[in-house]
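Data first, discussion second: the structure below is written as structure tokens.
The values are calculated or read from the model by the stated rules, or taken from the named source; none is laboratory data. Just so it is clear, the model here is predicted, and its values are computed rather than measured. Reconstructed Cβ throughout: ideal geometry from the backbone, glycine too, with neighbour counts over all protein chains shown. Remember, those area values only see protein heavy atoms, side chains included, never the ligands or the DNA or RNA. Shrake-Rupley method; radii C 1.70, N 1.55, O 1.52, S 1.80 Å.
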Amino acid sequence: MYTTELQNQAGKPKAQVASTEDPALLEAFEARVAADEFIEPKDWMPEAYRRTLVRQISQHAHSEIVGMLPEGNWISRAPTLRRKAVLLAKVQDEGGHGLYLYAAAETLGTSRDEMVEALHSGKAKYSTIFNYPTLTWADIGAIGWLVDGAAIMNQVPLQRTSYGPYARAMVRVCKEESFHQRQGYEIMMAMASGTPEQKRMAQDALNRWWWPSLMMFGPPDENSPNTAQSMRWRIKRDTNDELRQKFVDVTVPQAEAIGLTVPDPDLKWNEAKGGHDFGEIDWEEFYAVVRGEGPVAKERMKARIDAWNDGAWVREAALAHAAKRNARAAA
Amino acid sequence: MSGDRARIDYALRLGDDALVLGQRLGEWCGHAPMLEVDLGLANIALDLIGQAQHFLAHAGALEGHGRDADKLAFRRDVLDFKNCLLVEQPNGDFAQTIARQALFSTWHELMLQRLQGSSDTAIAAVAQKAVKEVAYHASFAREWVVRLGDGTAESRQRMVDGLDWMWRFVDELFAMDLVDQAMAEAGVGVDKSTLRPEWDHLIDAMLAEATLERPAPRRGVMGGREGRHSEHLGHMLSEMQFLQRAYPDAVW
């Protein structure tokens, strides 16, 4: 799963700070990026590029880890053994994505512990989508279908992002996400053609997850001040609104195909633009969720912090044991 | 007891051990002490759920009443579950989870090694695949017992407590009842009592490396194989079976 780059407030462009970096190095760097070359950990890079990448990759990693919680909420209640196994495998994949994204971010000189600390203190963000609750089994379908569907839109272009370790991590992530998206849609399909109770759950899940899924692409382009710079650096390859439009156009027919209704009275096909027009997103809600005011934001952070604190003695024991082993080997 | 009934029960026991422990481990998902451990526990859970699917499907086929693996997993009550008491014990802290896993997986590996040669070809086929998975479960768990036992004072105490909680359920793993005897004689199952020396050896080696004492002998608590369980299982089932019970006509 993916988080678009989040900031605490609707974008106010930051004052440009005069760069003290060597103009020749900067020029060479910009040329390499413009030529679609990969930047590798040992290469010279502007500090702002490094900072932006650490923020984006760590947000992405945190989203994978926090994203384990809403789905993990249903592992114990999955309705069949096959569904349980598939969900376990999926949540395990998310953890794996987190692991190699943290590793990619670490190549930029920030440790995993520092990143985790930033998450727990509220300094680092994660995708807004995970601050919504999973109430019925249909939510597991909706997350796979919509949330992973949105993630794929975001991530496919990132396989060509300019930072080598991030791009390579994305190649692995994308393979697994498309499997997740299919299994989510399959859950929705089964429920939408099931009993009236199942159909109700499926429609209700679509109603609740639709708008938050559209918000996953981040603020509208006119309020996304870092987009231009990030696109120039090839950290980002498409704008938020372009990706959002693409997602709507792909997803609406999928909903229709299984007899579900997208909860947007303004949604209609626009022949002239060759895409759907859709209603206004509630950006107040989006920014509130970014600020940490999502419906289950407190539960999500508490679960992460509790797991970390409750596991401290285990991590300490592992370190102490390794130290003892090393000491014995050296003796 | 008819041979058919014994064989069905035997497959149910194998399936229920895997199902119940897989369900327990799934509870850790997203909450483990570190990401690598989270992935490791989920991986073990996934293997066990897969094994449960195969063993329960086999039990259902032997029974011949049209019950598939899901019907058996989600529509039986406590009295019809045949798992050992060890696997239904609550996760507790990480040390308690690891104690349960080390004791069970060490036994499980020895069982599956023997079951590879079962005269029941379905059981043999599952065992052949599962034994490789379970070898990893056992080594993962025993390595953690060593780390925690020979880690800090706190981890050591927690490991001691975890083993102490689980130890009363060890004897049941090796107990032979009429089902076990019939299946061992038919070449389907294993004489579990013969596994004990090797299990003792492996566990003692683990404890020695972990600088831990073997827990004091105590009276074994039994009954799981006949459906007499701890209070914990009913709560687990009420959660696990919720959707199938609440919407009995639905297909998922």
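Some notes on this structure:
- Of all the options A:Arg50, A:Arg82, A:Arg182, the one that moves most in a Gaussian network model of chain A with Cα springs shorter than 10 angstrom is A:Arg82.
- Note on region B:109-252: Kirkwood hydrodynamic radius from all Cα pairs is 17.9 Å, rounded to one decimal.
- Pairwise inverse Cα distances across region A:49-109, averaged and inverted, put the Kirkwood hydrodynamic radius at 12.4 Å.
- From largest to smallest, the equivalent ellipsoid semi-axes obtained for region B:17-86 from the alpha-carbon gyration tensor read 27, 12, 9 Å.
- The accessible-area ordering, largest first, of the residues B:Tyr247, A:Tyr102 stands as B:Tyr247, A:Tyr102, per a 1.4 angstrom probe.
- In order through region A:113-127: 3J(HN,Hα) via Karplus (6.51 cos²θ - 1.76 cosθ + 1.60), integer Hz, x for Gly, Pro: 4, 5, 5, 5, 4, 5, 5, 5, 7, x, 6, 8, 9, 9, 4
- Where the Cα pairs of the protein assembly as shown fall when distances are cut into 20 Å bins, in %: 19, 46, 29, 6, 0
- Largest to smallest principal axis extent of the C-alpha atoms in region A:208-292, angstrom: 41, 32, 19
- Remark on A:Gly275: its backbone amide H falls under 5 Å from those of A:Asn270, a criterion applied only to residues 5 or more positions apart or on other chains, H modelled at 1.01 Å from N.
- Solvent-accessible surface (1.4 Å probe) assigned to B:Asp68 amounts to roughly 80 Å².
- Reach of A:Lys125 by Cα under 13 Å, taken over aspartates and glutamates that are not fewer than 8 positions away in the same chain: A:Glu5, A:Glu64, A:Glu117, A:Glu293
- Taking A:Gly274, A:Gly164, A:Gly95 in turn, the Gaussian network model of chain A (Cα-Cα springs below 10 Å) assigns the largest fluctuation to A:Gly274.
- What a 1.4 Å probe finds exposed on the protein assembly as shown is 54% carbon and sulfur by accessible area, rounded to a whole percent.
- When accessible surface is computed with a 1.4 Å probe, chains B and A are found to bury approximately 3900 Å² between them, both chains counted.
- Rounded to the nearest Hz, the phi-derived 3J(HN,Hα) couplings of region B:233-249 under the Karplus curve 6.51 cos²θ - 1.76 cosθ + 1.60 (θ = phi - 60°) are 5, x, 5, 4, 5, 5, 7, 4, 8, 3, 5, 5, 7, 6, 10, x, 8, where x marks glycine and proline.
- Straight Cα distances below 25 angstrom link B:Lys82 to the lysines A:Lys84, B:Lys71, B:Lys129, B:Lys132, B:Lys192, with same-chain residues fewer than 8 positions distant left out.
- Loop-located trypsin sites (Lys or Arg not before Pro) across region A:227-331 with a Cβ neighbour count of 16 or fewer within 10 Å are A:Lys273, with loop assigned by DSSP.
- GNM result for chain A, Cα springs below 10 Å: residue of A:Leu108, A:Leu214, A:Leu146 fluctuating most strongly: A:Leu108
- Length released on extending from A:Leu26 to A:Asp204, taking residue separation times 0.36 nm less the Cα-Cα span: 58.9 nm
- In Å², nearest 10: area of B:Asp161 left accessible to a 1.4 Å probe: 80
- Heavy-atom accessible area, probed at 1.4 angstrom with all protein chains present, ranks B:Glu109, B:Glu198 as B:Glu198, B:Glu109, highest first.
- Cα extents of region A:127-241 along the three principal axes, largest first (Å): 51, 30, 19
- Convex hull volume of the Cα atoms of region A:91-162, normalised per residue: 114 Å³.
- Per-residue HN-Hα couplings for region A:99-106 [Karplus 6.51, -1.76, 1.60; θ = phi - 60°; Hz; x = Gly/Pro]: 4, 7, 6, 4, 4, 5, 5, 4
- Working note: Cα atoms of region A:250-330, range along each principal axis, descending, whole Å: 74, 28, 24.
- Volume of the convex hull of chain A (Cα atoms only), normalised per residue: 163 Å³.
- In chain A, helices alone account for a calculated mean residue ellipticity at 222 nm of -19500 deg cm²/dmol, with every DSSP H run of four or more residues adding -39,500 (n - 2.57).
- Region B:189-252-region A:260-331 distance, computed between alpha-carbon centres (Å): 34
- Per residue solvent-accessible surface (Å²) - the protein assembly as shown, probe of 1.4 Å: 41
- Going from the chain on its own to the full set of protein chains, region B:45-78 has these residues losing 40 Å² or more of accessible surface (heavy atoms, 1.4 Å probe, no ligands, DNA or RNA): B:Leu46, B:Ile49, B:Gln53, B:Asp70, B:Phe74.
- Computed from Cα atoms alone, the Kirkwood hydrodynamic radius reported for region B:3-246 is 18.0 Å.
- For A:Lys273, the lysines whose Cα falls under 20 Å of its own Cα, not counting residues fewer than eight places away in the same chain, are A:Lys246.
- By the Cα gyration tensor, region B:55-179 has an equivalent ellipsoid whose semi-axes, rounded to whole angstrom, run 31, 17, 13 from largest to smallest.
- Region A:126-199 and region A:65-89 have their alpha-carbon centroids 13 Å apart.
- Computed [θ] at 222 nm, deg cm²/dmol, chain B (DSSP H ≥ 4; -39,500 (n - 2.57); rounded to nearest 500): -22000 deg cm²/dmol
- Counting heavy atoms of the protein chains alone, A:Met231 has an accessible area of about 60 Å² for a 1.4 Å probe.
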